Amino acid sequence: MMRAWTLPALLALCGAAVSTRLFLGGNAGAASVVLLVFLVLGGMNSPLVFPKSVSAPEARERSAVDGRPVVFWRPGCAYCLRLRVRLGLRARHAHWVDIWRDPAGAAEVRAVNGGDETVPTVLVAGRAHTNPDPAWLRELLAP
């Protein structure tokens, strides 16, 4: 759990340090902008941007029932963030598994990617797709 928040915390701390230095130098406007930018970057790399994660076995079970894809991801992954943003509101129709919180999910990703924890990895009907095109997945999640 803590590893998922390391990058966002570092971004927030760096932003606070830089903005404090700017503020003490008499540049309050720039300090505010820098702090805001770092906080937004931290928020975008946090687990808060992604739908609630479930365990890999639970995601597989749900997917078998409703046919929705399972997306394996991890916080701080630019490709996962790109996929999440491009899916928009349709992202909530997939089952999301944070591989840093779920060892079974990490093992499953390693099994289909030759031992690498390459994310995002999407399971559709039991078939793995590593770093798929967001437009393709968006079409699968269309209502």
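The values are calculated or read from the model by the stated rules, or taken from the named source; none is laboratory data. Everything quoted here is computed from the prediction, not taken from an experiment. For neighbour counting, all protein chains shown are included, and Cβ atoms are generated from backbone atoms with ideal geometry for every residue, glycine included.
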Under 8 Å between Cβ atoms, which residue pairs at least 6 apart in sequence (or on different chains) link something in the range 87-106 that is over 14 Å from Ala4 (Cα atoms) with a partner that is surrounded by 20 or more Cβ atoms within 10 Å (Cβ to Cβ) and of a type in the set (D, E, K, R)? Ala91/Arg84; Gly105/Asp98
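Which of the residues that make up the range 109-132 are more than 16 Å from Cys77 (Cβ to Cβ) and under 17 Å from the mean Cα position of the chain (by Cα)? Reasoning before the result, please.
Going residue by residue through the range 109-132, those that are more than 16 Å from Cys77 (Cβ to Cβ) are 111-112, 114-115, 123-128.
The one that is more than 16 Å from Cys77 (Cβ to Cβ) and under 17 Å from the mean Cα position of the chain (by Cα): Leu123.
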Selected residue (only one of Val124, Val85 is in the same structural domain as Pro57 (by TED's automatic domain parsing) and touching a strand residue (DSSP E or B) at 6+ places or on another chain (Cβ under 9 Å)): Val124
Does any residue of the range 13-20 turn out to be of a type outside the set (Ser, Thr, Tyr) and touching a residue at least 24 places away in the same chain (Cβ under 8 Å)? yes
